[in-house]
Amino acid sequence: MARKLRIGFVGLGRVFDLNVRGYSHHPEAEIIALCERDPALLARRAAEYPNGRATSDFEEFLSCGLDVVEILTPHPLHEAMTVAALAAGAHVSVQKPMAMTLAECDRMIAAADASGRRLKVFENFIFYPPLVRARELLREGAIGKPLHFRMKVVMADRAQAWAVPEEASRWRHALAAEGRGGPIVFDHGHHMMAVALWLFGDVRDGFACIERTETEAGVYDAPATLTWRHADPPVHGVWDVSLALKMRLRTDYYADAERFEIQGEEGIIQVTRCSDRMLEEPSLTLYRDGEVRAFHDLRSDWGGSFAHSTRHFLGVLAGREPQEALTAREGRRVIALYDLFQRANAERRAVAG
C-alpha cells in the first residue's frame, strides 16, 4: 500500500477549520506539520492535531518532507510562500485570492512550471453542489441559450455570524485602506468572479462602480455594482454588492449571503443560497415551460464544498482526476478580471478584457 501524502498547513486561523475538513480521516493523507506565528493559536491547533509538528518558523516547516503545503496566510504572503514551498518539492494549494498582482501570479506560475509540482488556487464555490448542478443543467440545455447572469452579495452583521478573530479582519481592512483590494469585491469577490468565469469563460469587457465605506471596524470596498460581457457565449453579467451591517443573517458560517441567477431563452436557473441560510427555500430551482422544479436532494451545507475541493485535489495527485481546480492560470484569470473592474472603476468607463 502506498504511503499517505504528508500534508502541512501554514496559517491556522478561522478558515483552517474549513480547509482541514477534506484531510481529516482521509485514507490517503495525514497532517504532519503546522505553522503559525501566533503562539497561542499554534498551541491550540497543535493540541487538536497532536501528530503534526508545530512550529512558527516557515523554513523549519518546509524541512518536514511535505508532499502538499496548504497556504492559508494573508494574501500579500502568498507569492513568497508558494515559491518557497514549490522549491522545497511540495505541491501547493494556496488560498484565494492567488496573489495581490498579476506579476506575483506570473512568478508563482513560473515557479510551479519549473518545479514540476502542482499549484492549485483553492476555490470552494465551484464545488458547492447546487452550483455544480446548476452548471450541469446549463450544459444540458435546460434553459436553452444562456443570455444573462446575475449575482448578489449582501454582507450582514458579523456579530451575529461565525466568530472570526479581529486580526483576520484587521489586515483585510488595512489593505482596503491602502487601496490594495478589500474584504468584499477583492477577497470574498474571488468566489463570485471565479464562478462567472467557470460558467461562461473569458470576459470581453466590463464596467464597475465600487464605493468605499468607512466603519468603526474598518474600510469596505462596497457597495458596488459591476457589469460585464462574456466573449463566448456573449452572456451579459451583473454583480450587486451591498452592506447591511445591522441585519441579522441566518448562517452557520460568515455574515455573507449570496444568490445566483442564470436566464436563458427558455428558462431560469436560480441558486438561492451558499454560505447563508437567509431564505428557507430550495437551494436550486429551475423555471421552464411555465413550471418551477425545486431540487430538494442536494447537499447545501456550504462548508462541505471545502472538503469536496480538497478531495478532488487529492484525486488529481493520485491520478484519478485530470487537473486541479482552480489551476494557477485560472486563478490568475480571476485576478485579471478584478484588475479590469478596478480600472473601469478608476476611469469611469467600460474597459476591454
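The values are calculated or read from the model by the stated rules, or taken from the named source; none is laboratory data. Not measured: the values here are computed from a predicted model. Please note: Cβ atoms are built from the backbone with ideal geometry, for glycine as well, and neighbour counts cover all protein chains shown. Heads up: the accessible areas ignore ligands, DNA and RNA and are worked out on the full protein's heavy atoms, side chains in. Shrake-Rupley method; radii C 1.70, N 1.55, O 1.52, S 1.80 Å.
Structure data summary
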read-out	value
At 1.002 mPa s and 20 °C, Stokes D of segment 148-221 from Kirkwood alpha-carbon radius, µm² per second	154 µm²/s
In nm, spacing of pseudo-spin labels at Ala346 and Gln160 (7 Å Cα→C-beta vector)	3.7 nm
18 Å cut-off, amide nitrogen to a point 7 angstrom out along Ser169 Cα→Cβ, residues in segment 190-228	212-223
0 to 90° range, to nearest 10: angle between helix 166-177 axis and the chain longest Cα axis	60 degrees
Cα gyration tensor of segment 137-273 - equivalent ellipsoid semi-axes, whole Å, descending	30, 17, 11
Folded to 0 to 90 degrees: helix 304-317 orientation relative to the chain principal axis, Cα	60 degrees
Residue of Pro233, Pro130, Pro223 that the Gaussian network model of the chain assigns the largest fluctuation, springs spanning Cα pairs under 10 Å	Pro233
Whole-percent carbon and sulfur share, accessible surface of the chain, 1.4 Å	49 percent
Computed over segment 9-67, the ratio Rg/Rh where both radii use C-alpha atoms and Rh is Kirkwood	0.93
Efficiency of FRET between Arg3 and Leu147 - r from beta-carbon atoms, R0 45 angstrom, step 0.05	0.30
Values of log10 I(q)/I(0), in the order q = 0.09, 0.10, 0.20 Å⁻¹, for segment 183-340 under a Debye, Cα-only, solvent-free model	-0.36, -0.45, -1.50
Surface per residue (accessible, 1.4 Å probe) for segment 69-192, Å²	35 Å²
Helical contribution to [θ] at 222 nm, DSSP H n ≥ 4, -39,500 (n - 2.57), averaged over the chain, rounded to 500	-9500 deg cm²/dmol
Degrees, to the nearest 10: 129-139 long Cα axis against longest axis of the chain	50 degrees
Percent breakdown of C-alpha pair distances by 10 Å bin, ordered from the shortest bin, for segment 24-150	12, 32, 29, 18, 8, 2
Quotient of Cα Rg and 2.2 N^0.38 Å for segment 199-268, N being how many residues it contains	1.40
Rounded accessible area per residue of segment 244-337, 1.4 Å, Å²	50 Å²
Among the listed pairs Lys4/Lys120; Lys96/Lys145; Lys120/Lys145, those beyond 27 Å (Cα-Cα)	Lys96/Lys145; Lys120/Lys145
For the chain, alpha-carbon Rg and Dmax in angstrom	20.0, 62
Accessible area of segment 1-57 divided out per residue, in Å², using a probe of 1.4 angstrom	52 Å²
All lysines inside 19 Å of Lys152 as judged from Cα atoms, apart from same-chain residues fewer than 8 positions distant	Lys246
Along each principal axis, Cα extent of segment 303-353, largest first, Å	47, 24, 10
